[in-house]
Amino acid sequence: MLFVTIVLDGVGVGAQPDAHRYGDAGADTLGHVIATQSPHLPHLQALGLGNIRHIDGLPPATAPVASFGKMTEVSAGKDSTTGHWELAGLLLGDAFPTYPNGFPDDLIDAFIDRTEARGVLGNRPESGTVIVEELGERHMETGAPIVYTSADSVFQIAAHVDVIGLEALYEMCRITRDEVCTGPHGVGRVIARPFEGTPGSFRRISPKRKDFARLPDEPTLQDLLQEAGVRTVSIGKVADLFGGRGFTETRKTTSNKDGIEATIDGIRRAVQGGERTFIWVNLIDFDQEYGHRNDPQGFAKALESFDRALPRLTEALPRESRLVITADHGNDPTTPGTDHSREYVPLLYWGDPSPRPLGTRRSFRDHAATVLRFFDLHVPADSVPFEQRVLG
């Protein structure tokens, strides 16, 4: 038995009714990318992407190969941690703390005290590339780490590997996670951002980035699967969002292409091994490379690349297996801001014996319910597996 979930990070399908509360009224990541760039997506279209809702430039399939619908985020927030946690069956009543004006003095003082840092540089919301370029030389002169945040609930620490070595940076982040960012300052992630190079040509070392996530307070989908003897595999950043908890195997990736190849390899290994397996994939380029950088053309090309890879993915899947293609939030590259957006996420459910409309799901938790049902495990009463139709 094999179940694969692929999260197209940031590929929302239109603003939720509460989007205005997040400053996201009118956001429509997929709709706006298709309207402005006209990407060629024949395989996603065949699955039923154009059947989810009316999208100019993406006609509905006459006979979709997959069941289709969209899911509503109920948790407070619009970041990757919140979205993935809800996909894993958890709801956040209160959003993770964010710091649009930088971190308060008491938090910075605690950081310096606990980590013995030589002060801090930055302390504001900023693009990592921009702040490293601006403060990297001063960091090399003073030894003070660059601390910054974003619209997400993150405490990011950037350091040149020749000034603060990788292991020292990771330890600084671990201390920050365990001793500084706690209680009301319990951010979703503390992130190590190492870089190298010289002033004017600094380069982030993305493969050495390391996330220290806040741990869930309740059992997650993958925890329940592990307890039942199901092999759980994370591809991409998924495991980082849960502090690594609940995964039998973790495979880091550097790009969508790398993630797709790792997924195909993971499917083949699962088939060869014959174990019950759940593979959870995050393809990050849509969000990281194009959404945050307001690059609709690059976003469209990434969609086309994924579309071209789809036949290889589905051909690798054995009969009776399942594939979900969804997202964790929106990130509309056509809007002035560079933040995530509060949007519905797409739902394509391949392998369903009777492809059909799945409606508007009331929560991302229906994903967890579907995986649990597939492996014959208990389904919580507050969520509905995809096989059960909902109105909307």
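Just so you know, all these numbers are worked out from the coordinates, no wet-lab data involved. These figures come from a predicted structure and were not determined experimentally. Neighbour counts are summed over all protein chains in view; Cβ atoms, including those assigned to glycine, are modelled from backbone coordinates with ideal geometry.
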Note: residue 105 to residue 249 extended length (0.36 nm per residue) minus current alpha-carbon separation gives 47.9 nm
Most exposed first by the Cβ proxy, i.e. fewest other Cβ within 10 Å, how do 206, 75 rank?
206, 75
Give me the angle, in degrees from 0 to 90, between the Cα long axis of helix 105-115 and the longest principal axis of the Cα atoms of the chain, rounded to the nearest 10.
80
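Looking at segment 105-213 only, what percent of DSSP beta bridges run antiparallel? Nearest 5 please.
Values: 9 of 19 bridges.
Just about 45 percent of them are antiparallel.
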At 7 Å along the Cα-to-beta-carbon direction for both residue 141 and residue 18, put a label point, then send me their distance in nm to one decimal.
4.7
Cβ-derived FRET efficiency at R0 25 Å, residue 382 paired with residue 1, nearest 0.05:
0.50
Could you work out how far the C-alpha centroid of segment 73-150 sits from that of segment 209-255, in angstrom?
22
What residues qualify as long-range amide H neighbours of residue 329, i.e. H under 5 Å apart, gap of 5 or more or another chain, H built at 1.01 Å from N?
10, 11
Rounded to the nearest 10 degrees, the helix 256-273 long axis (Cα) sits at an angle to the longest Cα principal axis of the chain of 60
So the angle from the long Cα axis of helix 166-175 to the longest Cα principal axis of the chain, reported in degrees to the nearest 10, equals 80
Run lengths n ≥ 4 of DSSP H only: what is the helix-derived mean residue ellipticity at 222 nm for the chain, with -39500 (n - 2.57) per run over all residues, to the nearest 500?
-9000 deg cm²/dmol
Quick one: of the DSSP bridges fully inside the chain, what percent are antiparallel, nearest 5?
35
Given points 7 Å out from each Cα along the Cα-Cβ axis, report the residue 168 to residue 203 separation in nanometres with one decimal.
2.3
Given GluC sites (Glu not before Pro), DSSP loops and at most 11 other Cβ atoms within 10 Å, the longest exposed-site-free stretch of the chain is 117-319
